[in-house]
Amino acid sequence: MAMLLDWLKDLIAIVETGTYAAASRVRHVTQPALSRRIQALEAWIGAPLFVRTSAGVRLSDAGNSFLPAARDILQRLESARDAAQAAAFQQPGVVRFCATNALTFSFFPEWISRLEALLPALKVQFTTHHLEACEHMLMKGEADFLLAHHPAGTAGALDHPDYLRKVLDVDVLIPVSAPAGTRPLHRLPGARDAPTPYLSYQPQAGLGRVVDSIDGLIQAKAHLQPVFSTHASSVVAAMAMQGRGLGWLPESLVREQLQRGALVRSGSHAWDVPMEICLHRKAAPLAPAAELLWAASDPQND
């Protein structure tokens, strides 16, 4: 098995570097040794995997057919290894959550309290981070569940047969600003010669992906000047209240600030972005405590 895995890694290294010489350096083996291993893989498959060209090598038809399976095998084995290592250090009965910044403050505390009433023995380990880091934790088996916003009606990075998703609630992303009297200090759509200061999200942020879902609307109808960027919605809220610009924030997160007038809407409801609050997990079986929580987390149980 170990030899077969080495062969698959050799194959991918050659594809990614384009030559045997470069791949041998990546794989820390001599070029003759790499060639022998690829020949052994080709003998096992029963077909040549590469065609030599003046510029290096390219995959044969058989190689193109085999490459996706090779990548999938390595990815699955690495994921299984990461999950096994994580399980070895996981305390029995502990359910591990990762959640994005916005839901850490606006949704998770009340939601987990309701589940604790249903599952009195529940023990929780909680981490908050931007969405990209949370996805990485879930994929590596470092978390049982990921709690995140998801643009309604769109596909996300975890919309894959290896993962399950459950919609727990709905939310809406709204543009907000500090007030100037009874009006917003920074308003949509702005003007071409006087763009509105804009508090944006970095690419790895979950809410940044949600805002990106209306990118066409923004580009066509708004005139914005990015003045600040972060992955944390709480920082966008604080900067907006200081009058630094407008930003899109979950209504659930800024409801209290809107009620007391610390923030106001920067535009009409046409600028709102519907979202779902979703719980993600791997499709593979989880530890018993995590499976109990998954079953109890149906919205009708709340």
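The values are calculated or read from the model by the stated rules, or taken from the named source; none is laboratory data. Just so we're clear, the structure is a prediction, and the values are computed from it rather than from any experiment. Positions of Cβ are backbone-derived with ideal geometry, glycine not excepted, and every protein chain shown enters the neighbour counts.
Couple of notes before you dig in:
- Checking each residue in the range 169-189 for being part of a loop (DSSP other than H, G, I, E, B), surrounded by 15 or more Cβ atoms within 10 Å (Cβ to Cβ) and over 31 Å from the mean Cα position of the chain (by Cα) picks out only L185.
- At least 3 residues being in the same structural domain as A70 (by TED's automatic domain parsing) and among the β-branched types (V, I, T) is the threshold, and among the helices (runs of 4 or more DSSP H) wholly inside the range 1-59 those reaching it are 2-17.
- Within the range 263-284, none of the residues are under 29 Å from H136 (Cα atoms), in a helix (DSSP H, G or I) and touching a residue at least 40 places away in the same chain (Cβ under 8 Å).
- Residue match in the range 215-235 (condition: more than 29 Å from R165 (Cα to Cα), basic (K, R) and buried (at least 18 other Cβ atoms within 10 Å of the Cβ)): no
- Scan of the range 66-85 for residues that are loosely packed, with under 14 Cβ neighbours inside 10 Å and either modelled with pLDDT of 85 or more or within 15 Å of I14 (Cβ to Cβ) (or both), ordered by number: P68, A69, D72, I73
- The selection criterion, being more than 18 Å from L292 (Cα to Cα), under 10 Å from the mean Cα position of the chain (by Cα), outside the structural domain of G208 (by TED's automatic domain parsing) and in contact (Cβ under 8 Å) with a residue 40 or more places away in the chain, holds for E132.
- Boolean, A240 is surrounded by fewer than 21 Cβ atoms within 10 Å (Cβ to Cβ) and either small (G, A, S) or modelled with pLDDT under 85 (or both): no
- Subset of the range 25-65 that is β-branched (V, I, T) and free of Cβ contacts under 8 Å to residues at least 24 places away in the same chain - its residue that is surrounded by the most Cβ atoms within 10 Å (Cβ to Cβ): V29
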